[in-house]
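One structure is given here, and the rest of the page talks about it.
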């Protein structure tokens, strides 16, 4: 089991995030409706976990090439043109992600010193999910881009 966790770190992180999000949300429901004592921190933690889960899931989708794509017109083109289009799309995504990461850094720097109201943690922690997710997405799309360049079709 430990080997699996280290062999698939992104997938393991996704499992932990989703499990934690489910536990926190379920705890809030139990506390509110059974004990009539809602938790003050659970909604905020769930929101932050969801942010991390969304960014890591987007990176995972790049890893397994699961993002939505319209292939119905490209599939009718010759293989060489398909490869050029794939390279062009990957390059556009890389440029977008570089801008996304840059602006994420600016945003995280902008919230320096702010604390989350309920959890009292620095706001850099939840918002850094955009930086981490952006780098992971950039890594996976760059890997696809490089593979497309060197593989003959």
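The values are calculated or read from the model by the stated rules, or taken from the named source; none is laboratory data. Predicted model, so just to flag it, every value in this text is computed and none were measured. Backbone-built Cβ (ideal geometry, glycine too); neighbour counts: all protein chains shown.
Let me confirm something: among 89, 141, which residue is more than 26 Å from residue 24 (Cβ to Cβ), in contact (Cβ under 8 Å) with a residue 60 or more places away in the chain and either touching a helix residue (DSSP H, G or I) at 6+ places or on another chain (Cβ under 9 Å) or surrounded by 11 or more Cβ atoms within 10 Å (Cβ to Cβ) (or both)?
Step by step, each of 89, 141 is checked, and only 141 is more than 26 Å from residue 24 (Cβ to Cβ), in contact (Cβ under 8 Å) with a residue 60 or more places away in the chain and either touching a helix residue (DSSP H, G or I) at 6+ places or on another chain (Cβ under 9 Å) or surrounded by 11 or more Cβ atoms within 10 Å (Cβ to Cβ) (or both).
Does residue 30 count as within 15 Å of residue 10 (Cα to Cα) and surrounded by fewer than 15 Cβ atoms within 10 Å (Cβ to Cβ)?
When the stated conditions are applied, residue 30 does not pass them.
Based on what the data block shows, is residue 111 modelled with pLDDT of 95 or more, over 20 Å from residue 16 (Cβ atoms), surrounded by 11 or more Cβ atoms within 10 Å (Cβ to Cβ) and within 21 Å of the chain's Cα centre (by Cα)?
yes
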